[in-house]
Amino acid sequence: MPALPSVAVVILNWNGRSFLEQFLPSVCRSTYRNLELYVADNASTDDSVAFLRAHYPQIKIILNNENNGFAGGYNAALQHVKADIYVLLNQDVEVEPGWIEPVVAQMQRDHHIAACQPKLRAFYDKGEFEYAGAAGGWMDILGYTFCRGRILYTTEVDEGQYDDEQDIFWATGAALFIRASCFHEMHGFDADFFAHMEEVDLCWRLKRAGYRICYCPESVVYHVGGGSLPQGNPRKLYLNFRNNLMMLWKNLHPADRWIVLFQRFFLDVLAAVKSLVAGKPADMRAVYRAYRHYWKWRRTYDRSKYPLPEKKLLELSGVFHGIMIWRYYFLNRKTFRTLEK
């Protein structure tokens, strides 16, 4: 009988003492037999580390020297973790005892699966999908991201409608299973992103390299969400706009790049004007700052940093062959199953 792959659950923590106290007990009840638990602390200023040392001596602690966000924090921490499969788990996630086994089994059936995610439900409404990942991440032809079970801010009740294993475009960073060899082959997350969309960028690069990204419905976890930056925060809006533009510039096929980015610029200007009219000038400024920093970044970006095959977006699985926001706002298609009708 082949040996079980070694799995390391790595929780990136920043000032999350209350989350650790609430959610670590469920993680410690995990039943996978070849498992190690880590908390990577991103230079917290609360008593997170003291709490861990006092109450969880079995958990290994990695101390990052500074807070380099989700992307840089994990890049630094995972240099110190040896395992076949990393599980990058948010500090605000509750898990069930057998949550690891079905995902590992799915990944072991096909070694072309580089990354996989469980089903994400909302912690405060456990019958409903959660924003950050729901039943797997998708992307439309203009680079807008959404999920099976969550389109924009509309989440669905889980009625078993997405209980099939499926190739997806991106797996959520809230509970990301990824082969350690694949993570390091891609040189990890792009630290320029700091936080937000770095997992989408990494999954896109993995797909360009010929790997699969998958969803495992047999594993269910419960995510609070918004633990670092809540929805509606201008800082979050800025990072989402900026990082999405950076990701598109990096990964789009040259034949698609200019037409997609031109259309996105037009739509993003409309979004900024809409924010101003709605009395949210901070949101408009966030979009402006995102574009200003994106153009500055683009002038210095070295495309040879990721020498991967160029693949057209429509050649990849998990891509919706239409414009999601058009269907959502103008055709009233609020759920994944109605999006293509």
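The values are calculated or read from the model by the stated rules, or taken from the named source; none is laboratory data. In this text, all values refer to a predicted model and were calculated from it rather than measured experimentally. Methodologically, a virtual Cβ is constructed for each residue, glycine included, from the backbone with ideal geometry; neighbour enumeration extends over all protein chains shown.
Summary table below
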{"item": "Set 307, 281: member being closer than 27 Å to residue 186 by Cβ and either modelled with pLDDT under 95 or of a type in the set (D, E, K, R) (or both)", "result": "307"}
{"item": "Filter result (surrounded by fewer than 15 Cβ atoms within 10 Å (Cβ to Cβ), outside any helix (DSSP H, G or I) and either at pLDDT 95 or above or of a type in the set (Gly, Ala, Ser) (or both)) within the range 218-255", "result": "226, 232"}
{"item": "Residues located in the range 31-50, provided they are under 27 Å from residue 72 (Cβ atoms), surrounded by 18 or more Cβ atoms within 10 Å (Cβ to Cβ) and touching an Asp or Glu at 6+ places or on another chain (Cβ under 9 Å)", "result": "42, 48"}
{"item": "Residue list for the range 127-156, filter: assigned to a loop (DSSP other than H, G, I, E, B) and touching a strand residue (DSSP E or B) at 6+ places or on another chain (Cβ under 8 Å)", "result": "130, 131, 132, 133, 134, 135, 136, 141, 148, 149, 152, 156"}
{"item": "Cβ pairs under 8 Å, 6+ apart, first in the range 298-321 and in contact (Cβ under 8 Å) with a residue 60 or more places away in the chain and under 13 Å from residue 206 (Cα atoms), second loosely packed, with under 12 Cβ neighbours inside 10 Å and not small (Gly, Ala, Ser)", "result": "310/254"}
{"item": "Residues that are assigned to a loop (DSSP other than H, G, I, E, B) and within 18 Å of residue 133 (Cβ to Cβ), drawn from the range 98-120", "result": "99, 100"}
{"item": "Any hit, the range 88-103, residues being within 18 Å of residue 188 (Cα to Cα), of a type in the set (A, V, I, L, M) and buried (at least 24 other Cβ atoms within 10 Å of the Cβ)", "result": "yes"}
{"item": "Within the range 299-327, tally of residues that are outside any loop (DSSP other than H, G, I, E, B) and surrounded by 13 or more Cβ atoms within 10 Å (Cβ to Cβ)", "result": "7"}
{"item": "Strands (runs of 3 or more DSSP E) wholly inside the range 1-97 that include at least 1 residues being in the same structural domain as residue 179 (by TED's automatic domain parsing) and under 20 Å from the mean Cα position of the chain (by Cα)", "result": "7-13, 35-41, 85-89, 93-95"}
